Amino acid sequence: MKEANDYLLINLLGTDEQQLRLARVKDGMRAAGIETAIVRSNTNIYYLTGRVFRGYVYISLGLDEPLYFVRQPSTLRAMPGKKIYHVRKPEEIAAILAEEGMPVGGRVALELDAMPYAEALRIAKAMGMDAPSENISPVLRNARAVKTACELSKLRTSGEKQTLVYERIPHLYQEGMSDIEFQIEIERASRLEGCLGIFRIGGSEMELFMGNVLTGENADTPSPYDFAMGGAGADPSLPVGADGTVIKPGIPVMVDVNGNYTGYMTDMTRCFYTGSLSERAGKAVRLSIAICDELAAMMKPGAKASDLYERALALATEAGMEEFFMGHRYHAGFVGHGIGIEVNELPVLAPRSKDILEAGNVIAVEPKFVIPGIGAAGVENTYIVTADGGQCITNAPLDPVRLD
């Protein structure tokens, strides 16, 4: 029988924290009628263990703890008491389970939202199935939507560090800079503050760099990605964000640079300007702040995500800004999104969203406007859903800040 290498450390979360997360996943599995699952993606391995490794996490309702099948163990440190097996390929998993006297066969759920079909088919066949049949991705996505106290602490830390960076932004500008040059200085400040430099995002059609800096007409350039703001980008291979436009007096500069300092991300947007800001841009920012405040007050357990979107749209309409709300040439179909290990988590504040807010949800609210001839204006904050409403954890000054 193949021996389990129990001397390696997999779980960096601590037993209580891991069991709390695992219980949420297992509750979701029961509700979905899933008995067994194999987790492969870096995002969900990190959620379940507090680390990333190359391999698989095997979860069964019949086991108290997961089993770990590790393909590259060199990064793991010693600690007794964990069921860890070294494998070269997924075909070995079924044999190890059989040797351990565990059931093999039946339906095993896989991350079908995140896994290439060829890999899913290979693992399914290795587990005795003709083809992948059940999807564990929605269960994991729902489990991650409600953060534990440990996760909320990491998010608050990211928010604090991101706020420090945003407070330095006015001092990073030099006259004559382009949006790309300005963004590079902001990214440098972020990295020096401890930003990890990676921003995980779900979806096969989604790609993301460290952030998005928009000024002038570039803000009205549609992007193929499902973001609130567009921009042509520096190259057609990544068509979003700054495109080399020189920052000009009176034109707002919208800075939406992500904050990942702990493996958990916060989202924040602020507007800056040189010279004097146009009245229409100032009006848009004030409206955006008012929408954030009102939605934060609504952000309580039991609230419908769709109701928050509709309220944001109503406020934009009452102000005569509906045409520019969440874009101009292209309108994003949401005003906020869950955030955590990935940028785009649940719940989603959208008109057809079925999500109901729960305590511990973390939501980025971003009511933004794109005005032809002026550019993008608005703010974004990250909030924790509590019984008293949304608690903001991105606390840089909200009003537009002059750069020169």
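Where a number appears in this text, it was derived from the coordinates with a stated rule and is not lab data. Quantities reported herein were computed from a predicted structural model and do not represent experimental measurements. Cβ coordinates were reconstructed from backbone atoms using ideal geometry, including for glycine residues, and neighbour counts include every protein chain displayed.
With a cut-off of 8 Å between alpha carbons and a minimum separation of six or more residues, what is the relative contact order of the chain in percent? Intermediate values should be presented prior to the final figure.
Details: 924 pairs, mean separation 61.0, N = 404.
15 percent.
With everything on Cα atoms, drop me the angle between helix 117-126 and the longest principal axis of the chain, reported from 0 to 90° to the nearest 10.
20
Using a basic spin-label model with each label point 7 Å from the Cα along Cα→Cβ, how many nm lie between Glu193 and Glu205?
In this crude spin-label approximation the distance works out to 3.3 nm.
State to the nearest 20 debye the size of the charge dipole of the stretch 15-143 about its Cα centre, where the only charges are +1 on K and R beta carbons and -1 on D and E beta carbons.
Working: 17 positive and 15 negative charges, 81 e Å.
Using only the charged Cβ atoms, the result is roughly 400 debye.
Between exposed GluC sites (Glu not before Pro) in the chain, where DSSP calls loop and at most 10 other Cβ atoms lie within 10 Å, what's the longest gap?
Details: sites that count: Glu3, Glu175, Glu205.
No qualifying site falls inside 206-404, the longest such stretch.
Per DSSP H run of n ≥ 4, the term is -39500 (n - 2.57); total these for the chain, divide by its residue number, and report the mean residue ellipticity at 222 nm rounded to 500 deg cm²/dmol. The partial results should precede the final answer.
Details: 9 runs with 123 residues, N = 404.
So the helix-based figure for the chain works out to -10000 deg cm²/dmol.
Compute a Gaussian network model of the chain, connecting alpha carbons closer than 10 Å, and tell me which residue from Met102, Met127, Met206 fluctuates the most.
Checking each option, the largest mean-square fluctuation is seen for Met102.
Return one number: the angle in degrees, 0 to 90 and rounded to the nearest 10, between the long axis of the Cα atoms of helix 15-32 and the longest principal axis of the Cα atoms of the chain.
90
Using the alpha-carbon atoms, what tilt in degrees (0 to 90, nearest 10) does helix 179-193 show relative to the longest principal axis of the chain?
Here the helix axis deviates by roughly 50 degrees.
Determine, at each q value in 0.14 (inverse angstroms), the log₁₀ of I(q)/I(0) that the Debye formula gives when each Cα of the stretch 272-404 is one equal point scatterer.
-0.60
Give me the distance in nm between label points sitting 7 Å out from Cα along the Cα-to-Cβ direction at Asp399 and Ala31, one decimal.
It is 4.5 nm.
So what's the chain giving for Cα Rg divided by 2.2 N^0.38 Å, two decimals?
On the way: Rg = 22.9 Å, N = 404, 2.2 N^0.38 = 21.5 Å.
Ratio of Cα Rg to 2.2 N^0.38 Å: 1.06.
Note down the relative contact order for the stretch 265-401 as a percent, whole number, built from C-alpha pairs under 8 angstrom at least six residues apart.
Numbers: 302 pairs, mean separation 50.0, N = 137.
Dividing the mean separation by the residue count of the stretch 265-401 yields 36 percent.
Let me have the relative contact order for the stretch 15-143, percent, based on Cα pairs under 8 Å that are six or more residues apart.
Values: 188 pairs, mean separation 31.8, N = 129.
The normalised contact order for the stretch 15-143 reaches 25 percent.
Using a basic spin-label model with each label point 7 Å from the Cα along Cα→Cβ, how many nm lie between Glu167 and Lys283?
Taking the two extended label points, one gets 3.3 nm.
Taking the Cα centroid of the stretch 376-404 and of the stretch 16-63, what is the distance between the two, rounded to the nearest whole Å?
So the separation of the two Cα centres works out to 33 Å.
Apply 1/(1 + (r/R0)^6) to the Cβ-Cβ distance of Tyr117 and Lys354, taking R0 = 25 Å, and write down the FRET efficiency to the nearest 0.05. Display every interim value, and only then the final one.
Numbers: r = 27 Å, r/R0 = 1.08.
In this case the efficiency is close to 0.40.
Could you tell me whether the stretch 15-143 comes out rounded, prolate or oblate from its Cα gyration tensor? Rule is a ≥ b ≥ c as square roots of the eigenvalues, rounded for a/c under 1.5, then prolate if a/b exceeds b/c, otherwise oblate.
Working: a/c = 1.34, a/b = 1.08, b/c = 1.24.
Because its axes are fairly even, with a/c under 1.5, the stretch 15-143 counts as rounded.
What do you get for trypsin sites (Lys or Arg not before Pro) in the stretch 301-397 restricted to DSSP loop and a cutoff of at most 13 other Cβ within 10 Å of the site's Cβ? Could you put the intermediate results ahead of the total?
Details: sites: Lys304, Arg311, Arg329, Arg352, Lys354, Lys368; in loops: Arg329, Arg352, Lys354.
When the trypsin sites (Lys or Arg not before Pro) of the stretch 301-397 are filtered for loop state and at most 13 Cβ neighbours within 10 Å, Arg329, Arg352, Lys354 remain.
Can you bin the stretch 191-233 into rounded, prolate or oblate? Criterion: square roots of the alpha carbon gyration tensor eigenvalues sorted a ≥ b ≥ c, rounded for a/c under 1.5, prolate for a/b above b/c, oblate for the rest.
Numbers: a/c = 3.67, a/b = 1.33, b/c = 2.75.
The shape class here is oblate.
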